[in-house]
Amino acid sequence: MAALGSIRKRGVTLIIIVALGLFAFIAGDMFRGCEYFEGQKRQQVGEVLGEKVSVQDFQKLIEEYQDVIKMTQGRDNLTEEEMNNLRDQVWSTFVNNKLIKAEAEKLGLTVTDKEMQDILKEGTNPLLMQSPFVNQQTGRFDLSLLTKFQSEYKKAAGDPQFREQYERINNFWLFLEKTLRDQTLAMKYQALLSHCLISNPISAKMAYDANMTESEIELASLAYSTVNDNDVKIEDADLKAYYDAHKEEFRQYVETRDIKYITYQVKASQGDRTELMKVMQTAIKGLQGDEAPAEVVRKAQSQLLYTGIPVRSQALPRDIAAQVDSMAVGQVTATPFETTSDNTLNVIKLIAKTQLPDSVEYRQIQVFDASPEVARTKADSIYKALQAGANFDTLAVKYGQTGQKQWLTSSMYENSSNFDGDTKTLLTTLNSLGVNEMKNLEFATGNLIVQVTDRRAMTTKYDVAVVKHAIDFTKNTYSDAYNKFSQYVSENQTLEELEKNAAKFGFQVLERKDLANTEHGIAGIRNTNEALRWVFGAKKGNVSQLYECGNNDQMLVVILTDINPVGYRSFENVKDMLKAEVLKEKKGEMLAAKLNGVTSIAAAKQKGATVTTVPQVTFSAPVFVQATGASEPAISGAVAATAQGKFNPQVIKGNGGVYMVQVTKKSQREGGVFNQTTAEQQQRQMAMQAAGRFMQELYLKAEVVDNRYLFF
């Protein structure tokens, strides 16, 4: 009982303890739940129509597109800029397809398998022309070639010798097929939308007449620049009134940030350049002598390896291509030349210039066996049979292959930076053989019998050895620059201090407004993704850490000065923009008042207006006024409403000034015959252009979230 009484005395305390314990238990689960959802969020690259997009799924799409580019362009790798463009393209395509599919589903629009088969049978869609199944004789997509490949693909599934090649082609076709289906659905949706926009004979005739009527006018102009800015009084009330009247112009659909930043790029010192020049002079001597070009290029640590494969000039860097055509075979540039665009010193030796086909069609029979010796014996037998007139396709099938003809284009190998010996031998052979000529090539693992069946577009190709070396700085040069920049940053911790002391250290504070997270970095500087992520996670007034970026040659510090959230830009935020517009409006009012009561062009001239004759004014083309330096659609509208020989008493407010017009002549342009059907189609096309913002409207309503900057 005593214990029970003791508990009762401490009842309130016990309740509090139990409540705290229960809260801790619930809170623990809640926080674990929050951590889970936060973790999920960190794996989401974005959101479309409420559907979350994981970074893994998006990466798969990127890799799919990347494989297509590598296959069609013969590329091994893409540059950082190309990858950023690819990610943008993949995201845009993904979002657009999602939006179109959602709208199509509401309307019951689909693309049936029969429609797809009809498109394949017709074979004229431009996408199909990018497939490997184009009949070279007809120049059109051939469904039978696709059917044949799909049958061979199933047979080759268990053959490791051909599996990878067939898999790549199959994946490419699946990509094209999916793209074709999405494209067809989008076209059906747009066609349905276009039929909602119609014209009629009356509006078509009015539009035609307006476009065919040509006027000659006397134009009186008073430019806004003739009024001194100091003579215009602008109150905050004027700005606020303009802001309220044009508020929709200041709507912001995505969050942006305003920043200030300081960047410093490290450059080679004079001592660094002197040492590099020694390397380049050694390379010149090596290329002028008997040393192998590949060895000279390797020793000089050139950015471009020597392959020995002749290429077109467009496959070379622009600065190199600009030199080789005027060089003689065997010539070496006497002195290194500098290219500022890529910050390099360059030396060239033109080894050969020759006419070679841009495209080669060929077929092949691969001969492998347990040992290279057996393979060579078998290959010799096949080669002799072919020389004696045996059918190539028949022999290919006999040895488990198709012998299918395929095209090799210059672009498929020119961008490769290195080749093994076998690849170089094959390319050299294919480029040098004549039509219907064959060769039996011996490789370490077996033989390859090739026959060239067609050669097209003979073009000049260059075998050129290039020593292209970046004008690099040394570690000591970079260390000195880093110490100077880090001292500046560490001694100045706020924006005010950084701005105040920038000139003292030899730096400049720059500004960037409306930075979006889709820009892949800061101020176009490479490798600033981390800094961009910091910007969109920082608070106003924060100063970032020192970032090392660029091509390991730049340093950057960022200050977040403002956050522009989704919605309407604040009055204060757009005040400077408002001042420019209100200034123009008030100047227009002052100049219009000056012309008040004017009844002729001569009277306008007496008021100080510049008078010019403007011929061939039409409703469809805005007038460009030399006196004000502006294009003025409003003048075309006023002229269309004014009869021949009449003076328009209305003062026209334009982009660059105010105007008054006298129409001296009106005539119909020659050569035009009204066609009602054509005119109505043109009206519909114009309406479709005006309605072309439908994707933007769908995008806004879909509440798309784009968090790609967090991952790439």
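Would you mind computing Rg(Cα) / (2.2 N^0.38 Å) for the chain, counting N as its residues?
Here the answer is 1.34, to two decimals.
Is there a quick way to get the dipole size of region 56-190? I mean about its Cα centre, with the Cβ of Lys and Arg at +1 and of Asp and Glu at -1; what is the value in debye to the nearest 20?
420
Measure nothing fancy, just the Cα-based angle from helix 676-690's long axis to the longest principal axis of the chain, in degrees from 0 to 90, nearest 10.
So the helix axis and the longest Cα principal axis differ by about 90 degrees.
Restricting things to alpha carbons, find the Rg to Rh ratio for region 491-591 using the Kirkwood radius for Rh.
That ratio is 1.08, to two decimals.
Please give the length that would be gained between residue 603 and residue 43 if that part of the chain were fully extended, namely 0.36 nm times their separation in residues minus their C-alpha to C-alpha distance (nm, one decimal).
Once the chain is fully extended between residue 603 and residue 43, it gains 194.5 nm.
Work out from phi, with θ = phi - 60° and the Karplus expression 6.51 cos²θ - 1.76 cosθ + 1.60, the ³J(HN,Hα) of each residue of region 109-123, listed in order in whole Hz, and give x for Gly and Pro.
7, 9, 10, 7, 4, 5, 4, 5, 5, 5, 5, 5, 5, 5, x
Let's see if you can work this out: charge +1 on each Lys and Arg Cβ, -1 on each Asp and Glu Cβ, no other charges. What is the dipole magnitude of the chain about its Cα centre, in debye to the nearest 20?
The calculation lands at about 720 debye.
Can you give the angle from 0 to 90° between the axis of helix 575-594 and the longest principal axis of the chain, with both taken from C-alpha atoms, to the nearest 10?
50
I'd like the per residue volume of the convex hull spanned by the Cα atoms of region 403-553, given in cubic angstrom.
247
When the Kirkwood hydrodynamic radius is evaluated over all pairs of different C-alpha atoms of region 279-322, what value in angstrom, to one decimal, is obtained?
Taking the inverse mean of 1/r over all distinct Cα pairs, region 279-322 comes out at 11.4 Å.
I want the local charge near residue 358. Using Cβ-Cβ distances under 11 Å, sum +1 for each Lys or Arg and -1 for each Asp or Glu among the other residues.
+3
FRET efficiency for residue 253 and residue 502, Cβ-Cβ distance as r, R0 = 51 Å, nearest 0.05?
For R0 = 51 Å, the calculated efficiency reads 0.90.
Determine the gain in length on full extension of the stretch residue 432-residue 381; use 0.36 nm per residue of separation and subtract their C-alpha separation, reporting nm with one decimal.
Extra length from residue 432 to residue 381 when fully extended: 16.0 nm.
Would you please state which residues of region 441-482 a label at residue 292 would reach in this model, taking the label point 7 Å out along Cα→Cβ and a backbone N cut-off of under 17 Å?
In region 441-482, the label zone of residue 292 (backbone N under 17 Å from the point 7 Å along Cα→Cβ) covers 464-466.
Taking H as built 1.01 Å from N, whose amide H comes closer than 5 Å to the amide H of residue 453, not counting residues under 5 places away?
When sequence neighbours closer than 5 places are left aside, the close amide H contacts are 361, 362, 363, 436.
Work out how much length residue 64 to residue 342 would gain on full extension: take 0.36 nm times their residue separation and subtract the Cα-Cα distance, in nm to one decimal.
97.0 nm
Hey, can you grab everything whose amide H is under 5 Å from the amide H of residue 623? Only 5+ residues off in sequence or another chain; H modelled, so Pro and N-termini drop out.
For residue 623, whose amide H was placed from the backbone, the distant partners under 5 Å are 632, 635, 636.
Hey, what do the phi angles of region 309-324 turn into as Karplus ³J(HN,Hα) couplings, whole Hz, using 6.51/-1.76/1.60 and θ = phi - 60°, x for Gly and Pro?
Working through the residues one at a time gives 9, x, 9, 6, 5, 5, 7, 8, x, 4, 5, 6, 4, 5, 9, 5 Hz.
For the full complex of protein chains and a 1.4 angstrom probe, list 632, 167, 105, 51 by accessible area with the highest value first.
Largest accessible area first, the list is 105, 51, 167, 632.
Quote the relative contact order of region 639-688 in percent (integer), defining contacts as alpha-carbon pairs under 8 Å separated by 6+ residues.
Computed over region 639-688, the figure is 29 percent.
Grab the beta carbon distance between residue 643 and residue 701, set R0 = 51 Å, and tell me the FRET efficiency rounded to 0.05.
0.65
Along its principal axes, what span do the Cα atoms of region 389-435 show, with the longest given first and each in whole Å?
Here the spans come out as 37, 23, 18 Å, largest first.
Taking the Cα-to-Cβ direction at residue 331 and at residue 124 and moving 7 Å from each Cα, how far apart do the two end points lie in nm?
The two pseudo-label positions are separated by 5.0 nm.
Which of the peptides 575-584, 552-561 is most tightly packed, and how do the rest follow, judged by the mean count of other Cβ atoms within 10 Å per residue?
Packing order, densest peptide first, comes out as 552-561, 575-584.
In region 353-477, with Lys and Arg counted as +1 and Asp and Glu as -1 at Cβ, which of these residues, 438, 402, 365, has the Cα nearest the positive end of the dipole, that is, farthest along it?
438
Search the structure for amide H atoms under 5 Å from the amide H of residue 459, placed 1.01 Å from N in the peptide plane, and list their residues when 5 or more places away or on another chain.
So residue 459 has HN proximity to 356, 358.
Can you work out ³J(HN,Hα) from phi for every residue in region 503-518, in order, using Karplus 6.51 cos²θ - 1.76 cosθ + 1.60 and θ = phi - 60°, giving whole Hz and x for Gly and Pro?
Result, ordered by residue: 4, 4, 8, x, 10, 9, 8, 9, 10, 9, 9, 6, 6, 9, 6, 8 Hz.
Among 86-92, 463-469, what's the highest-first ranking by average C-beta atoms within 10 angstrom per residue?
Taking the mean over residues of other Cβ atoms within 10 Å, the ranking is 463-469, 86-92.
In the chain, with Lys and Arg counted as +1 and Asp and Glu as -1 at Cβ, which of these residues, 91, 447, 276, has the Cα nearest the positive end of the dipole, that is, farthest along it?
Checked the options; the winner is 91.
Where the Cα atoms of region 290-388 are projected onto their three principal axes, how long is each span, largest first, in whole Å?
56, 29, 26 Å, listed from the longest principal axis down.
Quick check: the angle from helix 475-491's long axis to the longest principal axis of the chain, C-alpha only, nearest 10 degrees?
30
How fast does region 588-712 diffuse by Stokes-Einstein, in µm²/s, taking the Kirkwood radius from C-alpha pairs at 25 °C and 0.890 mPa s?
Using the Kirkwood radius from Cα pairs, D works out to 134 µm²/s.
The values are calculated or read from the model by the stated rules, or taken from the named source; none is laboratory data. None of these values were measured; they are calculated from a predicted model. Positions of Cβ are backbone-derived with ideal geometry, glycine not excepted, and every protein chain shown enters the neighbour counts. Only protein heavy atoms, including side chains, enter the accessible area calculation; ligands, DNA and RNA are left aside. Shrake-Rupley method; radii C 1.70, N 1.55, O 1.52, S 1.80 Å.
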